[in-house]
Each structure stands twice: as structure tokens, then as C-alpha cells.
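Worksheet for the structure shown next.
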Amino acid sequence: MILKSELKKFSLEGLFLQIKIEDDLLLNALENKILSALLTNSYKTNVIGKMTSYEYFVQDNDFKKLLSLFYAEAIKDNLFSNFPIDKGLINIKEAWGNILEKNEYVKKHIHYNQITSCLYFDDNSDLHTKEESFKTFRGLILSIPGCCPHWVEPVKDKKRISLIWNWSFQ
């Protein structure tokens, strides 16, 4: 079930979209896949923490179900009215999971020529942009323009688990 969606427009960076997913079975399945698929490329990217491969979720059926819920809500609320989202013309470039433990973080970075979306499994560390800081919580999908610099401050106590995907309209 999807509770609500919210679209914000910031003059400098573009659209920021927030949608809440309340499908605990789906959230648990995706979270367990992240926990079981961490790789040795951890700590070698802008993620100073553990991560799966960048392509790990691209063909995953649970991830595809999540995308269906996400895009259905965006279409229902006419959030991408200028784009052919209802015709399935979406290109998922990468989809990966990461886990940040205490004192781990994500360096400030951008994603070129795409939209970045992130599903959060907890509320342990917010996402920061130069426009705003976003409070995270279980089931939140936050989408931001890839050109918007963003980062995560060091995690204070508990694990921070998230699933991120980069996408664009074809």
C-alpha cells in the first residue's frame, strides 16, 4: 500500500519526489537480499560502507514490484506529466543496496544525466542536499535529480540500510 506522495520543486536542481511504501513483505524481502549480497567492492566508492554490486537489483523480481508501485503512484498523481512514464519508457541504469554501520557515510557526489531514487529501510541517517535535508524512514522512496549534490553524514548508532537506483526516461 502507498500512503502518500509529495513533489517539491526547487529552482536550482529540479524535482524532489517522496513516496511512502507500506508493503512490509516486500520491504523485508529487499532488505534481506541486501544483507545477503554484500561484495568486496565495499569501501571503494563514494559509499564508505558495504554495498552490493551496482547491477544486483536490476533484474530482481521484488525490485520490479517496488518499481511498479513507485511508478504507479507517480502516474496516479500526475507527478511526471511531461514524461512518457505511463508508456514504460523508463531506463534503470543501476540498482544496488548498501549498509552503513556506525561512523560510516556517503561522500558528497552527483549522478550524471539521470534521476536517483532511494528506498530507506530505517530512520538512522538523513539524506542531505544543498537544497534541503530529508528525514528518512522505513518505506520512504526519495527521488532527486542526479545533478543535485547529495551525501549522508556518518551514522551515529544503528545500521542504515538503503536500496538505490539510477534511472532516466528513454
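The values are calculated or read from the model by the stated rules, or taken from the named source; none is laboratory data. Bear in mind the structure is a predicted one, so any value in this text is a computation, not a measurement. As a convention, Cβ positions derive from the backbone with ideal geometry for all residues, glycine included, and neighbour counts pool all protein chains shown. In case anyone asks, the SASA skips ligands and DNA or RNA and just uses the protein heavy atoms, side chains included. Shrake-Rupley method; radii C 1.70, N 1.55, O 1.52, S 1.80 Å.
General observations
- Filtering the stretch 108-124 to residues that are of a type in the set (Phe, Trp, Tyr) and over 21 Å from residue 157 (Cα atoms) leaves only 112.
- Test set (1) exposed (fewer than 14 other Cβ atoms within 10 Å of the Cβ); (2) over 17 Å from residue 46 (Cα atoms); (3) at pLDDT 90 or above; (4) not aliphatic (A, V, I, L, M) - residue 102 fails condition number: (2)
- Test: residue in the stretch 72-89 that is open to solvent by 60 Å² or more (accessible area, probe 1.4 Å), within 22 Å of residue 45 (Cβ to Cβ), hydroxyl-bearing (Ser, Thr, Tyr) and modelled with pLDDT under 90: no
- Here residue 151 qualifies as modelled with pLDDT of 90 or more and closer than 20 Å to residue 15 by Cα.
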